[in-house]
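S.K.: Can you keep this structure in mind? I'll have questions shortly.
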Amino acid sequence: MFGDSARRAARLLVLICAGSVFLPVGARADDLSDGRFRDAVIKQIRIRRPDVAIDLNADPAQLGIGTQTLDLTNLHQHVRGLTEAERRREVDEFLGLAFAKAGPAPEPADFAAIKGRLRVQLVPDEILQQNPQLAHRRFSETLHVVYVLDESRRYQYVTREMIAGWHVDPAVVEATAVRNLAGASKDVPFQLVVADRTPVAALAREDDNYALARLLVPDWLEEIRKALKADGITLTGPTRNLLMAWPADSPARRELAAEATTQMRAGPYGRSDELFRFDRGGLRPLTAAERADHGR
């Protein structure tokens, strides 16, 4: 029966998810996920600027210095494999840039210079509770749209003050950020899980930190829908780097929805197990009846 095959495929997807989320932590002794890398960065901040205020977020890959929120993911990737002395030099250079750029909001003309680096992100409530200065809008029951400036060694959240300084409508900022992410997503792959030659689920597990944010890229979601050969698909992004999708009427939909909750709680970088539907009409959260049909 196809239903049994779909459920077997769902169990396979569970194993794939577990590998994608947990293997990096165990295999690399990921000092970013457990906070040790952030602690090392803080020690260097104290040497450079003992007077600066440091705010710790729930996310161990982030910290606040002054009015600026820094994401350490890109830096961590850059220094991986270096000697301890080389790591210290690279972190010190990173901090020098961060402190040099920290300060008042950019001049209005600066928007033209930075707009190519804008990206959009989706974050849960707790990120905004810790960083109320961030420019944002409500996306769903559990998620908010925020904006970032993404550079090779630096990743900075956009604040309301920055947008005010640019004298640009927030809608323009969001449209630019979404367009940039869409352009960067054209060649981003996803993995299909197949049962009896029929695709039953898809998994996107990218280390670029935008897997969940691609819920805002309809052209990319349409590629997943077509690959799953379904009129409508269910999507969820339990972590920042994991997006799961399956046909809305999949016999394994309850198992997959439950696995999304497991992945969110396990982390790292847990985001939301909220379920969304995507079809030719666009993306929307599941209705109460649809959530019940998924075991929620």
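The values are calculated or read from the model by the stated rules, or taken from the named source; none is laboratory data. This one's a predicted model, so the numbers in the text were calculated from it and none came from an experiment. All Cβ positions, glycine included, derive from the backbone under ideal geometry; neighbour counts span all protein chains shown.
S.K.: Anything in segment 113-135 that is touching a strand residue (DSSP E or B) at 6+ places or on another chain (Cβ under 8 Å) and over 30 Å from residue 79 (Cβ atoms)? List them, or say none. It would help to see each step written out before you state the result.
M.R.: The first filter runs over segment 113-135 and keeps only residues touching a strand residue (DSSP E or B) at 6+ places or on another chain (Cβ under 8 Å), leaving 114, 117-125, 127-128, 130-131, 133-135.
Once the filter is applied, which keeps residues that are touching a strand residue (DSSP E or B) at 6+ places or on another chain (Cβ under 8 Å) and over 30 Å from residue 79 (Cβ atoms), segment 113-135 yields only 125.
S.K.: Take residue 180 and decide whether it is assigned to a helix (DSSP H, G or I) and either of a type outside the set (Ser, Thr, Tyr) or not assigned by TED's automatic domain parsing to the domain that holds residue 255 (or both).
M.R.: Working: assigned to a helix (DSSP H, G or I): yes; either of a type outside the set (Ser, Thr, Tyr) or not assigned by TED's automatic domain parsing to the domain that holds residue 255 (or both): yes.
Yes.
S.K.: Related question: Taking segment 207-240, which residues are out of contact with any helix residue (DSSP H, G or I) (no Cβ under 7 Å at 6 or more places or on another chain) and not in a helix (DSSP H, G or I)?
M.R.: 207, 208, 211, 229, 230, 231, 232
S.K.: So which of 265, 240 ends up being without any contact (Cβ under 8 Å) to a residue 40 or more places away in the chain, closer than 22 Å to residue 128 by Cα and in contact with a Phe, Trp or Tyr (Cβ under 7 Å, 6 or more places away or on another chain)?
M.R.: Numbers: 265 fails: in contact with a Phe, Trp or Tyr (Cβ under 7 Å, 6 or more places away or on another chain).
Checking each option against the conditions leaves just 240.
S.K.: Quickly run through segment 175-198 and pick out the residues that are closer than 16 Å to residue 158 by Cα and surrounded by fewer than 19 Cβ atoms within 10 Å (Cβ to Cβ).
M.R.: Listed by number, the residues that qualify are 175, 180.
S.K.: Got a number for residues in segment 157-174 being more than 22 Å from residue 71 (Cα to Cα) and surrounded by fewer than 16 Cβ atoms within 10 Å (Cβ to Cβ)?
M.R.: Count: 5.
S.K.: While we're on this one: Any residue in segment 30-42 that's hydroxyl-bearing (Ser, Thr, Tyr): show its pairings with residues that are modelled with pLDDT under 90 and surrounded by 15 or more Cβ atoms within 10 Å (Cβ to Cβ) at Cβ separation under 9 Å, as long as the two are six or more apart or on different chains.
M.R.: Short answer, once both residue conditions are applied: 33/24; 33/25; 33/60; 33/61; 33/267; 33/268; 33/269.
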